[in-house]
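Take a look at the structure below.
We did not get these values from a lab; they are worked out from the coordinates using the rules stated. In this text the structure is predicted, and so the values were computed from the model without any measurement. All Cβ positions, glycine included, derive from the backbone under ideal geometry; neighbour counts span all protein chains shown.
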Amino acid sequence: MQRLLLGIDWLSTFVGQAASWLIIALTLMISYEVFSRYALGTPHAWVFDASNMLYGALFMLAGAYTLAKRGHVRGDILYGFLSPRMQAGIDLLLYLAFFFPGVIALAWAGIDFFEVSLAQNEHSSIAADGPPIYPFKAVIPVAGALLLLQGVAETIRCVLCLRSGSWPLREGDVEEVDVDKLKEMVQGTPTAELADAAPPRDNPPGAGR
């Protein structure tokens, strides 16, 4: 089971990191457009839609990766102080009540959006030479499917944690909030450190006589 979960994590991470290269394409395209508009006096209307589609594709394809690395916004200050079983119970409830209905709707609607766009050979209407839109709409069901798959993996982790009392291992990554250090700051210096730092006690009067 652990190998399956790590395999899903790997797929989400691979797609997210591959999609991150769209940032380079987006930066180069916007830089060229700024130079062309202000230095050459030849703006391109299609760049506006193309940049929106590149950013949208990056945002959607990174969703499963962010979920795999537990990078979505959550109340870490409160959540981090709960026991693993309590965390898993809250996560499981939220996945079943909100995550799966929303993501299934996204993927299902995305299939329809893509099919209609492809059948119409839809292009951007902002300019006569506007870029095609159907490749971008094809990203919607793909991103939804990846997010749904990663959600299944996270749900399995919640069930395993409820049974064992501890979270299954996952690949490490950069953490936005170090919960352990945050606990130390709130609760004070750890007891072990206090014991090590305590000065030696003076001998009581009369000791050693």
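Of note:
- Summing Cβ point charges (Lys, Arg +1; Asp, Glu -1) relative to the Cα centre of the range 22-179 gives a dipole of roughly 420 debye.
- For the range 1-96, chymotrypsin sites (Phe, Trp or Tyr not before Pro) are listed when DSSP marks them as loop and at most 16 other Cβ atoms sit within 10 Å of their Cβ; the list is W21, F81.
- Applying the Karplus relation 6.51 cos²θ - 1.76 cosθ + 1.60 with θ = phi - 60° to the range 93-104 yields 3J(HN,Hα) values of 4, 6, 4, 6, 7, 10, 5, 5, x, x, 6, 4 Hz, where x marks Gly and Pro.
- Local net charge near L146, Cβ-Cβ under 13 Å (Lys/Arg +1, Asp/Glu -1): -2
- Each part gets one Cα centre, and for the range 1-52 versus the range 54-96 those centres are 23 Å apart.
- Amide H contacts of H123: I133, each under 5 Å away and 5 or more positions distant or on a separate chain (H built 1.01 Å from N in the peptide plane; Pro and chain starts excluded).
- Taking M185, M60 and counting other C-beta atoms within 10 Å, the order from fewest to most: M185, M60
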